[in-house]
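Data first, discussion second: the structure below is written as structure tokens.
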Ligand code: TEU
Ligand code: CA
């Protein structure tokens, strides 16, 4: 497999609204990000995935774009965007933009035109259908944000399709004009020196509503190959597609270099195992380590020779990792470091979501009125109207609501956690006096410096990037362990996922093998003696001594 720059890269995701506010209006902005590039350079990341900063009425915080070639005034200007790209490049950091082309905002000129009449030249940029004879929606497709996926437009007597909010009408990708418009926009940004694209719900763009198919429809991969050929194919950039519906076989279709589609996809199987199969994420399901290990081993093994994995615990739609999979209380530091080690030694490109590197936690706001996420608010209304109790719905939001990830970045212990001198658009998590970047930077033993070490190790050890993956202790209910091997370089990674000590009997092949501790969240680092007693959330990686191994 040809080595690509993003094989040993580590990506840092920024949610601009919540990262850093430079002008005191309570909303994060590009100037705030530029001011923190040195912090990110110290962390050692090479890529910033920037969630949308384009002009938008912010119905879904920017995932509803009204102008793809301009910056939302609350985030800044195109000139500032160029400065961010240049200043990041000076620190060997590339900027990956968020490509949101399954839908636009209903304020995008294309949709404003399309709504004017049935024969408007832009009408077919979107998906319109006549309502049923009884006036009901064309079909029963639901929106992910609640309600029907069809919105009736009285002026033209037809309904338009929207898988997300009704202010996010879906584009009609069967229309070649739409394809060309998007390709033109993508090349416009590539010409400005960006490092690639994260592609929003890309598994939906091939949809065939008449056949009732939304994900993985037949024309999806041909569309991606055409996009590749028309835009980033001959440019050395990173492309990652968000694909909630991906299986390992489908992920290989996207990321097999011989197919000329994408670099990798975000798949979510290790996330949805914590969702109720029927009620979804609003009815949290306990995390089962053995189930998790099966999923990880499946993906590591299936994409061992073809394609490439992305590695992540959280993003702007998901709860905070330490709260979901670790312990946000007594063992917050140990468990956050363990989760980082467990993920960063796997095969694939790791993604760090802003605040993860300092162990930020979920939040429990008193009132539903403190929440801002359209998905949580819509589903709160819909589900409580359908009889779900306020308390049960709040537990769902506390566990899996998206605002958990969107509370302002905690920079220091000053007012508003140093995020803003104004009133933050979303309340700051009250634990910012204890959990903040300034304290983490000052503490050599902090989660921040642990991430720094992991990111540096990925650059120094080819086995972490290209080595084979071999699961260990597969049946163990508390321990997630595996080995990475490349030539005679062998690295063993052992993680206790619980607050209980674990006695571990090492297999013959590992017993007594000397090695060098690469990273550990306990000192001294454990050795591979005969047996091991792991402390709560203990986690370490050892490079085995090749002569002995
Ligand atoms: O997310 C797709 C998606 O399905 C999630 O929105 C949804 O929240 C899911 O329940 C995850 O828990 C992408 C973006 O990441 C998200 O922020 C946007 O809201 C959405 O698409 C629409 O653009
Ligand atoms: Ca601002």
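Which residues, counting only those in the stretch 61-76, are within 16 Å of ligand 2 (Cβ to nearest atom) and either out of contact with any strand residue (DSSP E or B) (no Cβ under 6 Å at 6 or more places or on another chain) or in a strand (DSSP E or B) (or both)? Walk me through how you get there before you give the answer.
The first filter runs over the stretch 61-76 and keeps only residues within 16 Å of ligand 2 (Cβ to nearest atom), leaving 61-62, 71-76.
Hits for the stretch 61-76 are 61, 62, 71, 73, 74, 75, 76.
With the requirement that a residue be surrounded by fewer than 24 Cβ atoms within 10 Å (Cβ to Cβ) and within 16 Å of residue 79 (Cβ to Cβ), what does the stretch 9-34 give you?
The answer is 22, 23, 31, 32, 34.
For residue 303, state whether it is at pLDDT 95 or above, over 22 Å from residue 352 (Cα atoms) and in contact with a helix residue (DSSP H, G or I) (Cβ under 7 Å, 6 or more places away or on another chain). Even if it seems obvious, please write down each step before you answer.
Values: at pLDDT 95 or above: yes; over 22 Å from residue 352 (Cα atoms): no; in contact with a helix residue (DSSP H, G or I) (Cβ under 7 Å, 6 or more places away or on another chain): yes.
Spelling it out, it is not the case that residue 303 is at pLDDT 95 or above, over 22 Å from residue 352 (Cα atoms) and in contact with a helix residue (DSSP H, G or I) (Cβ under 7 Å, 6 or more places away or on another chain).
Quick one: what pairs do we get from the stretch 461-473, first residue in a strand (DSSP E or B), second at pLDDT below 95, C-beta under 9 Å, 6+ apart or different chains?
Matching pairs, first to second residue: 472/507; 472/510.
Okay, residues lined up against (1) over 26 Å from the mean Cα position of the chain (by Cα); (2) modelled with pLDDT under 95; (3) buried (at least 22 other Cβ atoms within 10 Å of the Cβ); (4) more than 16 Å from ligand 1 (Cβ to nearest atom):
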position: 62; (1), (2), (3), (4): no, no, yes, no
position: 74; (1), (2), (3), (4): no, no, no, yes
position: 90; (1), (2), (3), (4): no, no, no, yes
position: 107; (1), (2), (3), (4): yes, no, no, no
position: 129; (1), (2), (3), (4): yes, no, no, yes
position: 132; (1), (2), (3), (4): yes, no, no, yes
position: 144; (1), (2), (3), (4): no, no, no, no
position: 153; (1), (2), (3), (4): yes, no, no, yes
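When you go through 444, 470 one by one, which is the residue that is modelled with pLDDT of 95 or more, surrounded by fewer than 16 Cβ atoms within 10 Å (Cβ to Cβ) and assigned by TED's automatic domain parsing to the domain that holds residue 42?
Details: 470 fails: assigned by TED's automatic domain parsing to the domain that holds residue 42.
Only one candidate passes the filter, namely 444.
I'd like the residue in the stretch 194-230 that is surrounded by 21 or more Cβ atoms within 10 Å (Cβ to Cβ) and out of contact with any helix residue (DSSP H, G or I) (no Cβ under 8 Å at 6 or more places or on another chain) and, out of all such residues, is nearest to residue 15 (Cα to Cα).
198
I'd like to know if the stretch 36-46 contains one or more residues that are within 15 Å of ligand 1 (Cβ to nearest atom) and either on the phi < 0 side of the Ramachandran plot or under 21 Å from the mean Cα position of the chain (by Cα) (or both).
Scanning the stretch 36-46, I find no residue that is within 15 Å of ligand 1 (Cβ to nearest atom) and either on the phi < 0 side of the Ramachandran plot or under 21 Å from the mean Cα position of the chain (by Cα) (or both), so the answer is no.
For residue 353, are the conditions met, namely being within 16 Å of ligand 1 (Cβ to nearest atom), within 16 Å of the chain's Cα centre (by Cα) and not assigned by TED's automatic domain parsing to the domain that holds residue 148?
Values: within 16 Å of ligand 1 (Cβ to nearest atom): yes; within 16 Å of the chain's Cα centre (by Cα): yes; not assigned by TED's automatic domain parsing to the domain that holds residue 148: yes.
Spelling it out, residue 353 is indeed within 16 Å of ligand 1 (Cβ to nearest atom), within 16 Å of the chain's Cα centre (by Cα) and not assigned by TED's automatic domain parsing to the domain that holds residue 148.
In the stretch 110-126, is there at least one residue being part of a loop (DSSP other than H, G, I, E, B), surrounded by 21 or more Cβ atoms within 10 Å (Cβ to Cβ) and not assigned by TED's automatic domain parsing to the domain that holds residue 195? Show your work before the answer.
Within the stretch 110-126, the subset part of a loop (DSSP other than H, G, I, E, B) is 115-122.
Checking which are surrounded by 21 or more Cβ atoms within 10 Å (Cβ to Cβ) leaves us with none.
No, every residue in the stretch 110-126 fails to be part of a loop (DSSP other than H, G, I, E, B), surrounded by 21 or more Cβ atoms within 10 Å (Cβ to Cβ) and not assigned by TED's automatic domain parsing to the domain that holds residue 195.
For residue 6, indicate whether it is within 16 Å of ligand 1 (Cβ to nearest atom), touching a strand residue (DSSP E or B) at 6+ places or on another chain (Cβ under 8 Å) and outside any loop (DSSP other than H, G, I, E, B).
no
Residues of the stretch 150-171 being assigned to a strand (DSSP E or B) and more than 21 Å from residue 63 (Cα to Cα), which ones? Explain how you work it out, then say what you get.
As a first pass, look at the stretch 150-171 and keep what is assigned to a strand (DSSP E or B): 150-153, 158-161, 170-171.
Of everything in the stretch 150-171, those that are assigned to a strand (DSSP E or B) and more than 21 Å from residue 63 (Cα to Cα) turn out to be 152, 153, 158, 159.
With respect to residue 178, is the statement that it is closer than 29 Å to residue 95 by Cα, at pLDDT 95 or above, in contact with a helix residue (DSSP H, G or I) (Cβ under 8 Å, 6 or more places away or on another chain) and away from ligand 1 (no atom under 16 Å from the Cβ) true? If you could, list the steps in order and put the result at the bottom.
Numbers: closer than 29 Å to residue 95 by Cα: yes; at pLDDT 95 or above: yes; in contact with a helix residue (DSSP H, G or I) (Cβ under 8 Å, 6 or more places away or on another chain): yes; away from ligand 1 (no atom under 16 Å from the Cβ): yes.
For residue 178, the condition - closer than 29 Å to residue 95 by Cα, at pLDDT 95 or above, in contact with a helix residue (DSSP H, G or I) (Cβ under 8 Å, 6 or more places away or on another chain) and away from ligand 1 (no atom under 16 Å from the Cβ) - is met.
Inspect the stretch 11-32 for any residue being farther than 28 Å from residue 343 by Cβ, in contact (Cβ under 8 Å) with a residue 40 or more places away in the chain and not in a loop (DSSP other than H, G, I, E, B) and give the result as yes or no.
yes
The values are calculated or read from the model by the stated rules, or taken from the named source; none is laboratory data. Nothing here was measured: the structure is a model prediction, and the numbers come from that model. With ideal geometry, Cβ positions are generated from the backbone for all residues, glycine too; neighbour counts draw on all protein chains shown.
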